[in-house]
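The values are calculated or read from the model by the stated rules, or taken from the named source; none is laboratory data. A quick note: this is a predicted structure, and the numbers were derived from the prediction, not measured. Virtual Cβ from ideal backbone geometry, glycine too; neighbours counted across all protein chains shown. For the accessible areas, the whole protein counts, side chains as well, though only heavy atoms, and no ligand, DNA or RNA atoms are used. Shrake-Rupley method; radii C 1.70, N 1.55, O 1.52, S 1.80 Å.
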Amino acid sequence: MKIYLATGNAGKKREFQEILRGFEVVIPSDEKIEFEPEETGETFYENSMIKARELWKKVRAPVIADDSGLCVDALGGAPGIFSSRYAGPDFMRGRPDGKKISQDEQNRLLIGQVSAAIESGIDASLFPNGARSCRYACSMVLLFSPERFFIAQETMEGALIERIEDARGEGGFGYDPIIELPYKGGRTVAQLSPEEKNSISHRGKAARAIVSQLAASFS
């Protein structure tokens, strides 16, 4: 069965195809569908629903949409929904001209900003994974129609590395090389195999909840 995935990110498509085995995962560009929704939500859930509804209008078929990002405790949960647009402490919600900086530059600026926050004397006693505590969050929507949908939101806990020189791993994408997982021997997310990552990731856990709804809907 064909499931439309509301993204232009080929990396996400690969991850979803691993998780949604038995389904054909299609992104808009595969079928030359123009898809550039304006993500105006204030939460991961709101943005995932905006994307799901926009693509459903074009395909009139089951759609999965997710919105995810990195939430750093020392920065009050930022960059959060602005993770892909983050451009350093001066442009937490993205540059005014809309241009994105490279992922390497995002990683460098984020580590520097968190280090500065720690040096300023933040109280990290309530953070679950130390002063550099962070987590990926993912809100996922399975939309059958505007009136019928299911939602799952999950997280993956970790901690930012201390120096950009410590970035490591060739897998994954985005901020994965700079997020360590204490419960995985200190490896970064980018050092995990696709199977390991999917078993514990924010997106993998949310997707499995969604898959259970798909299975129930077509059983």
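Overview of values
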quantity	calculated
Options S139, S120; residue that is under 21 Å from G80 (Cβ atoms) and modelled with pLDDT of 95 or more	S139
Subset of the stretch 180-189 that is open to solvent by 70 Å² or more (accessible area, probe 1.4 Å) and part of a loop (DSSP other than H, G, I, E, B) - its residue that is nearest to E54 (Cα to Cα)	R187
Residue pairs meeting the criteria (Cβ under 9 Å; at least 6 apart or on separate chains; first free of Cβ contacts under 8 Å to residues at least 60 places away in the same chain, in the stretch 21-40; second loosely packed, with under 10 Cβ neighbours inside 10 Å and of a type in the set (D, E))	P28/E34
Positions within the stretch 1-54 being in a helix (DSSP H, G or I), of a type outside the set (A, V, I, L, M) and open to solvent by 50 Å² or more (accessible area, probe 1.4 Å), in sequence order	K13, R14, Q17, E18, S29, D30, E31, Y45, E46, R53, E54
Unmet criterion (only one of (1) in contact (Cβ under 8 Å) with a residue 12 or more places away in the chain; (2) touching a strand residue (DSSP E or B) at 6+ places or on another chain (Cβ under 7 Å)) for Q17	(1)
Counted residues, the stretch 190-219 - those being more than 18 Å from D67 (Cβ to Cβ) and buried (at least 20 other Cβ atoms within 10 Å of the Cβ)	4
Scope the stretch 75-90; condition among the small types (G, A, S) and open to solvent by 60 Å² or more (accessible area, probe 1.4 Å); matching residues	G76, S84
Any chance A152 is in contact with a Leu (Cβ under 9 Å, 6 or more places away or on another chain), modelled with pLDDT under 90 and under 28 Å from I50 (Cβ atoms)	no
Failed criterion for V114 (all others in (1) of a type in the set (A, V, I, L, M, F, W, C); (2) closer than 30 Å to L20 by Cβ; (3) surrounded by 22 or more Cβ atoms within 10 Å (Cβ to Cβ) hold)	(2)
Verdict on R93 being open to solvent by 60 Å² or more (accessible area, probe 1.4 Å) and either of a type outside the set (G, A, S) or over 14 Å from E15 (Cβ atoms) (or both)	yes
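This table checks each residue for (1) touching a Ser or Thr at 6+ places or on another chain (Cβ under 8 Å); (2) surrounded by 15 or more Cβ atoms within 10 Å (Cβ to Cβ); (3) of a type in the set (K, R); (4) at pLDDT 95 or above.
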residue	(1), (2), (3), (4)
N107	no, yes, no, yes
N129	no, yes, no, no
S133	no, yes, no, yes
L143	no, yes, no, yes
M156	yes, yes, no, yes
